[in-house]
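Peer 1: Here it is, the structure in full.
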Amino acid sequence: MPTYTAPGVYVEEVPSSQKVLSAAPTAVAAFVGFTEKAPTDDPSDPQGVAPRLVTSWTQFESLYGSFAEGCVLPLSVYGYFANGGSLAYICRIPNSEPAGEPSRRALPAADRALGEPLVIESLEPDADITIEITSVDGGADAPEGPSPFSLSVLLNGLQVESFDNLDFNAGDRNVKTVVNKTSTKIKVDVALDKTADLASQLEVLKPGLYPLQKSAAVPVPVTGRKFAGSESARNGINGLAVADEVTMVVVPDLITAATKADGSIDLNLWKAVQTALISHCEQNGNRMAVLDAPPGMNTQQIKEWRSEVAMYDSAFAALYYPWIKVENPIGVNGNSEVFIPPSGHVAGVWARTDESRGVWKAPANDTIRGVLDIERGITQNEQGLLNPIGINCIRPFGTRGIRIWGARTLASDSDWRYINVRRLFNMIESTILEGTQWAVFEPNDTALWEGVKRTLDGFLRGLWSAGALFGATADQAFYVKCDAETNPPQSIDEGKLVVEVGIAPVKPAEFVIFRISQQKQVAA
């Protein structure tokens, strides 16, 4: 408190006891799986396994590469952004290792008739080396014959060695003799036809940049433990704990790891990874798992798998069936279309619904962009078997397109039956957690109680006005209680501030029923 000693006017700023809460983000997805390459811009993470934020497909391509055979994640991320997603974390799982062989390349001649006269090989395995060939103008006094050239060695984009005035003659500037004697990065071999008439060739090698080609990486098996990862090591599913903003988690490449050599699916691995994903979401409490059903199952099979094998019971997970067909840009075996798990596209629809309507709107009865077809058609009666056990179906509706036709979680508790209810509470809890940090260590008296109550009341009233809460009046929609009853002397002595918040969420009209009867004429 200031001290007043001299007469005068004093102006003081008094902090307000009511703060404004800003809603926490709800549409931030995380993708765990395989990519074409690893990011190379972070020396502390050479394998690129730590979660990285991307905000567009273009940014994803620059960091992780494009579509690639054996990687479902790029197709899933592309579908996410195409359906309305704007923020995504990528958590790469290494599924291959370097071949351990030297990088190699044959350099072309300026004259095609000479073929590829120079073969270059790195001394170290899997080296990221680029060769630069530059012509050298010897001037009017230069001897007849091919012009000399310079050869530079670039390691990771930086020049580390350079050799000038090289040629293919038998003298002291012969390219093979000079480079192999002094270079610590490469060795060369001349593959030039000795009978070729070089006297008429002004340039033997074609100037330009030539990256050495690495041997194909060796695939390595990916276990459920690798998918689960470690929070301390910042990898895998559990590594997403450092990404506080994530609200949806997708593992599209589970199919890649779970496919056996004979083409069958390892359902034990499938369940193990999805169980780890659900556990991660439940422990963090602010995100949901978007799960994919195993491929190739009919209605009876997926029902039995869900009820007798998977047996998931969680409000923090939603399961979608069947798989969807999308365009395959790389075209494997001449096929330009491919079936992929729907989770990435579904996450994009969740994000689009949050943006256009709000997190309290069930992300269903909306079209999925970029989908050509579905793996298996589902009838109304068949969905009648799947919907009660929490399997959200994707169905075609003719001119209305292919739509998500389900909005349930995998919870047996009816309070958390619907996805939008769980996600609404996730958003409100995250908002309160972040927006009331100012109250910590404040004097625990009635002034603080009233300030916290006004802060929460203003935020929840705004949600009610937007249609997120059920009730004709604000009192019916929510209540905030913070007074002497919730904060008795014993609680205050323990340093606790207890606030009770009650919320009436809106729930989707899952079954729209019109009761129609015949009205008969009655004599007057």
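Peer 1: Restricting attention to region 390-498, which GluC sites (Glu not before Pro) occupy a DSSP loop and are surrounded by at most 14 other Cβ atoms within 10 Å?
Peer 2: Qualifying residues, ordered by number: E485, E494.
Peer 1: Using alpha-carbon pairs under 8 Å, 6+ residues apart, how would you state the relative contact order of the chain in percent?
Peer 2: 15 percent.
Peer 1: Using the count of nearby Cβ atoms within 10 Å as a rough guide to exposure, how do V440, V175 rank from fewest to most?
Peer 2: With the sparsest Cβ surroundings first, the list reads V440, V175.
Peer 1: Could you list which residues have their amide H under 5 Å from that of T259, counting only those 5 or more apart in sequence or on another chain, with H placed in the peptide plane?
Peer 2: Excluding prolines and chain starts, which carry no amide H, the hits are D266.
Peer 1: Follow-up. Can you give me the Rg/Rh ratio for the chain, using Cα atoms for both radii and the Kirkwood formula for Rh?
Peer 2: 1.15
Peer 1: Here is a follow-up. To make sure I understand, if each residue's beta carbon is the centre and we count other beta carbons within 10 Å, what order do I492, I90 fall in, fewest to most?
Peer 2: I492, I90
Peer 1: Enumerate by residue number the trypsin sites (Lys or Arg not before Pro) in region 232-333 meeting two conditions: DSSP loop (anything except H, G, I, E, B), and at most 15 other Cβ atoms within 10 Å of the site's Cβ.
Peer 2: K260
Peer 1: By how many nm would the segment from D111 to Q521 grow when fully extended, if each residue of separation counts as 0.36 nm and the alpha-carbon distance is taken off?
Peer 2: 137.8 nm
Peer 1: Classify region 364-434 as rounded, prolate or oblate, taking a ≥ b ≥ c as the square roots of the eigenvalues of its Cα gyration tensor: rounded when a/c is under 1.5, otherwise prolate if a/b is larger than b/c and oblate if not.
Peer 2: oblate
Peer 1: Could you tell me what percent of the DSSP beta bridges with both partners in the chain are antiparallel, to the nearest 5?
Peer 2: Here the antiparallel bridges make up roughly 75 percent for the chain.
Peer 1: Further question on the same structure: Loop-only trypsin sites (Lys or Arg not before Pro) in region 408-494, please: DSSP not H, G, I, E or B, and at most 13 other Cβ atoms within 10 Å.
Peer 2: none
Peer 1: Kindly put Y479, Y4 in sequence by how many other C-beta atoms sit within 10 Å of each C-beta, fewest to most.
Peer 2: Y4, Y479
Peer 1: Could you tell me the center-to-center distance, by alpha carbons, between region 29-84 and region 479-493 in angstrom?
Peer 2: Comparing the Cα centres of region 29-84 and region 479-493, I get a distance of 48 Å.
Peer 1: Give me the number: length gained by fully extending E245 to Y4, i.e. 0.36 nm times residue separation minus the C-alpha to C-alpha distance, one decimal in nm.
Peer 2: Stretched out fully, the E245 to Y4 stretch lengthens by 82.1 nm.
Peer 1: A further question follows. At a 10 angstrom cut-off on C-beta neighbours, averaged per residue, how do the peptides 511-520, 361-370 rank from highest to lowest?
Peer 2: 361-370, 511-520
Peer 1: Which three extents, in angstrom, do the Cα atoms of region 437-524 have along their principal axes, listed largest first?
Peer 2: Cα spread of region 437-524 along its principal axes, largest to smallest: 76, 23, 23 Å.
Peer 1: Obtain the nm distance between the two label points defined at V498 and Q213 by a simple spin-label model: each point lies 7 Å from its Cα along the Cα-to-C-beta direction.
Peer 2: 7.2 nm
Peer 1: Now, a different point. At 7 Å along Cα-to-Cβ for each site, give me the label-to-label distance between N165 and Q437 in nm.
Peer 2: Distance between label points: 6.6 nm.
Laboratory data are not the source of any read-out in this text; all were calculated from the coordinates shown. Please read these numbers as outputs of a predicted model, since none were measured by experiment. Don't worry about glycine lacking a Cβ; one is built from the backbone with ideal geometry, like all the others, and counts go over all protein chains shown.
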